[in-house]
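S.K.: Structure in structure tokens, see below.
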Amino acid sequence: MKIAVIGSGYVGLVTGVCLADFGHEVVCVDKDAAKIEALRSGVIPIYEPGLDELVKVNAGAGRLSFSTDLPAAVAPADVVFIAVGTPSRRGDGHADLRYVREVAREVAGALEGFTVVATKSTVPVGTGDEVAHIIGTANPGADVAVVSNPEFLREGAAIEDFKRPDRIVVGIEDERAREVMTEVYRPLYLNQAPLQFTDRRTAELIKYAANAFLAMKITFINEVADLCEATGADVQEVARGIGLDKRIGGKFLHAGPGYGGSCFPKDTLALMKIGQDFGSPMRLVETTVSINDQRKRAMARKVVAACGGEVRGKTIGVLGLTFKPNTDDMREAPSLDIVRGLQDRGASIVAYDPQGMAAAREMMENVAFAADAYEAAAGADALVLVTEWNEFRSLDLARLKAAMKAPVFVDLRNVYRPHEMQRHGFTFVSIGRTP
Ligand code: UGA
């Protein structure tokens, strides 16, 4: 199949590259000429394990190319994926559809022959109808089927998630699209990944409901963690004990500093707005959003308490800045609230992150950056582990302690065991566990 992917950001790039790897002929389009030029020379603008190798192999085989020329990519395509950003609109939290609409108009003018136009971007319920309307108005002769095909990729595991998905959801209004989309995903179909065909609005809602449910699950265990601290129970054991119940499931029950990233915060907010707009409020989601916001700020207070109630004039080492490991993404990262909260109380921050420091330099002020964990620990009054990168899992604890001014270790991801840390002489504070 010939496929055009419009938007070579995170979702577009991973989708295009993986579809090329399935054997399709794919053109990834973006209006950012510098980005396209970089991609052509093999420079990947995001950090995603395994992506550079797949780009090299598929571009080398001639199945994958990069272009700024949208009409040339769209005209011969059987399927056009719209994978542009839908950021939260400033002020009201609604998803901003400006880019989706713009692309729909441009695509409309370039269509030739029957084409499936699939939205990959996470878009509010009814956007598929709007895209169909925009295309129909701009080009009344176009023979097009607009489908909703939400993606469920996790940053850092995106290729694995694309190639071995739990399911593929396709919302269609035109039966001809069923055959085309089955062909697109045939390699996965052979792997027995369920392909769920449904109507377009349902597909759009599935995406938001999935992300909101996961955000709610994390927030639930985070509240249980607080209760564990108050009652002397252990949240790791509670999570295991409830997660073994297949109806609950053990995943996304890891208590931490609150969820961040480019998806959960934006999508929960958007679903909340959709509910309000349709007069069917999503009260659990509203509460989740507010608890999570408060939690990120509360983490700074937790560090202050671990330091004996005062951080003024103290130096705090921060390990991990990105919203989760294996990404360079800092969007809505809990580290932003934690660092700001500690600075507001008079602390100096020395931070280290394996991939996030370039972005962090743009987003954080008055932070000193270290070359590794031990440098971040040097002379620190406390160390805070914010993101559970693998390289923080087996730190040389004796070396770390020797480098620090005071051996206070706050582990917001429960990477270390309390008795182990105490044995090494640390004052140790973690999440949902009493020392
Ligand atoms: C999320 C979803 O997991 C994907 O299925 C979805 O496709 C994607 O959003 C999207 O809408 O594009 P992602 O944001 O990359 O993926 O990252 P997650 O692995 O889901 O983590 C999100 C946040 O939750 C992170 O801050 C992470 O630290 C936190 N988290 C996750 C926890 O605190 N505890 C957990 O048990 C799991």
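S.K.: Restricting the search to the stretch 222-245, which residues are surrounded by fewer than 22 Cβ atoms within 10 Å (Cβ to Cβ), in a helix (DSSP H, G or I), within 16 Å of the ligand (Cβ to nearest atom) and not polar (S, T, N, Q)?
M.R.: 223, 224, 226, 237, 238, 240, 241, 242, 243
S.K.: Let me ask you something else. Name, by its number, the condition in (1) within 13 Å of the ligand (Cβ to nearest atom); (2) assigned to a helix (DSSP H, G or I) that does not hold for residue 300.
M.R.: Status for residue 300: all satisfied but (1).
S.K.: Now, a different point. Restricting to strands (runs of 3 or more DSSP E) lying wholly in the stretch 102-196: which have 1 or more residues that are closer than 27 Å to residue 267 by Cα, over 23 Å from the mean Cα position of the chain (by Cα) and within 16 Å of the ligand (Cβ to nearest atom)?
M.R.: In the stretch 102-196, there are no strands (runs of 3 or more DSSP E) which contain 1 or more residues that are closer than 27 Å to residue 267 by Cα, over 23 Å from the mean Cα position of the chain (by Cα) and within 16 Å of the ligand (Cβ to nearest atom).
S.K.: Separate question: Filter the stretch 406-420 down to the residues that are in a strand (DSSP E or B) and closer than 25 Å to residue 239 by Cα, then identify the one that is farthest from the ligand (Cβ to nearest atom).
M.R.: If we take residues in the stretch 406-420 being in a strand (DSSP E or B) and closer than 25 Å to residue 239 by Cα, then 409 is farthest from the ligand (Cβ to nearest atom).
S.K.: Quick one: is residue 211 near the ligand (Cβ under 8 Å from one of its atoms), in a helix (DSSP H, G or I) and within 30 Å of residue 173 (Cα to Cα)?
M.R.: Yes; evaluated as a whole, the condition is true for this residue.
S.K.: Quick check, is residue 256 of a type in the set (Gly, Ala, Ser) and either closer than 18 Å to residue 412 by Cα or in contact (Cβ under 8 Å) with a residue 12 or more places away in the chain (or both)?
M.R.: The answer is yes for residue 256.
S.K.: Within the stretch 43-58, identify whether any single residue is out of contact with any Pro (no Cβ under 6 Å at 6 or more places or on another chain), buried (at least 19 other Cβ atoms within 10 Å of the Cβ) and over 22 Å from residue 328 (Cα atoms), and answer yes or no.
M.R.: yes
S.K.: While we're on this one: Looking at 219, 198, can you tell me which residue is of a type in the set (S, T, N, Q) and buried (at least 21 other Cβ atoms within 10 Å of the Cβ)?
M.R.: Going through 219, 198 in turn, the sole match is 219.
S.K.: I need the full set of residues from the stretch 197-208 which are in a strand (DSSP E or B) and of a type in the set (D, E, K, R), in order please.
M.R.: The answer is none; no residue qualifies.
S.K.: Being out of contact with any Phe, Trp or Tyr (no Cβ under 9 Å at 6 or more places or on another chain), among the β-branched types (Val, Ile, Thr) and either within 11 Å of the ligand (Cβ to nearest atom) or farther than 30 Å from residue 128 by Cα (or both): is that true of residue 219 here?
M.R.: When the stated conditions are applied, residue 219 does not pass them.
S.K.: Working only within the stretch 28-39, note down all residues that are more than 18 Å from residue 159 (Cα to Cα) and either touching a Lys or Arg at 6+ places or on another chain (Cβ under 8 Å) or buried (at least 18 other Cβ atoms within 10 Å of the Cβ) (or both).
M.R.: 29, 30, 35, 36
S.K.: Can you tell me which of (1) modelled with pLDDT of 95 or more; (2) not in a helix (DSSP H, G or I) is the one residue 262 doesn't meet?
M.R.: All conditions are met except number (1).
S.K.: Got at least one residue in the stretch 79-86 being part of a helix (DSSP H, G or I) and either modelled with pLDDT of 95 or more or touching a Lys or Arg at 6+ places or on another chain (Cβ under 8 Å) (or both)?
M.R.: No, the stretch 79-86 contains no residue that is part of a helix (DSSP H, G or I) and either modelled with pLDDT of 95 or more or touching a Lys or Arg at 6+ places or on another chain (Cβ under 8 Å) (or both).
S.K.: Just a yes or no: is a residue in the stretch 271-293 near the ligand (Cβ under 10 Å from one of its atoms), in contact with a Leu (Cβ under 9 Å, 6 or more places away or on another chain) and assigned to a helix (DSSP H, G or I)?
M.R.: No, the stretch 271-293 contains no residue that is near the ligand (Cβ under 10 Å from one of its atoms), in contact with a Leu (Cβ under 9 Å, 6 or more places away or on another chain) and assigned to a helix (DSSP H, G or I).
S.K.: All but one of (1) within 23 Å of residue 76 (Cα to Cα); (2) hydrophobic (A, V, I, L, M, F, W, C); (3) in contact with a Pro (Cβ under 9 Å, 6 or more places away or on another chain) hold for residue 152; which doesn't?
M.R.: Answer for residue 152: the failing condition is (1).
S.K.: Continuing with the same structure: Starting from the stretch 267-293, take each residue that is free of Cβ contacts under 8 Å to residues at least 12 places away in the same chain and list its partners that are assigned to a helix (DSSP H, G or I) and of a type in the set (Lys, Arg), counting only C-beta distances under 8 angstrom and pairs at least six apart or across chains.
M.R.: No pair meets every condition.
S.K.: Condition check: under 30 Å from residue 347 (Cβ atoms) and touching a Lys or Arg at 6+ places or on another chain (Cβ under 7 Å). Does residue 323 satisfy that?
M.R.: Taking the combined requirement at face value, the residue satisfies it.
S.K.: Helices (runs of 4 or more DSSP H) wholly in the stretch 303-405 with at least 3 residues that are surrounded by fewer than 22 Cβ atoms within 10 Å (Cβ to Cβ) - which ones?
M.R.: Helices (runs of 4 or more DSSP H) meeting the threshold: 334-344, 357-363, 397-403.
S.K.: Restricted to the stretch 87-103, and to residues that are in contact with a Lys or Arg (Cβ under 8 Å, 6 or more places away or on another chain) and closer than 27 Å to residue 144 by Cβ, which residue is surrounded by the fewest Cβ atoms within 10 Å (Cβ to Cβ)?
M.R.: Only one residue tops the list, namely 87.
The values are calculated or read from the model by the stated rules, or taken from the named source; none is laboratory data. This is a predicted model, so every value here is computed, not measured. Neighbour counts run over all protein chains shown; Cβ positions are idealised from the backbone, glycine included.
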